[in-house]
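Bear in mind that the values in this text are calculations on the coordinates, not laboratory data. Small disclaimer: the values here were computed from a predicted structure and weren't measured. Cβ: placed from backbone, ideal geometry, glycine included. Neighbour counts: every protein chain shown.
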Amino acid sequence: RSVDEALRVIRAIQFTKKHGDVCPANWQEGGSTIKPDHKQKKSFFENLND
């Protein structure tokens, strides 16, 4: 793994700890996150192809 990838993963973990949202695979700062609520989670997955 590259240093950039390691930093991206660390930032995703820090974001999750701070905000409670889950970062999807390949998440980049400023990207969409998954809310822990099942209704909001469903909305995230419905909008993936938009």
Margin query: So in the range 16-25, with the set limited to residues that are surrounded by 11 or more Cβ atoms within 10 Å (Cβ to Cβ) and under 8 Å from the mean Cα position of the chain (by Cα), which one is farthest from PHE45 (Cα to Cα)?
Written below: THR16
Item checked: Selection within the range 33-50 - surrounded by 14 or more Cβ atoms within 10 Å (Cβ to Cβ) and part of a loop (DSSP other than H, G, I, E, B) -> THR33, LYS35
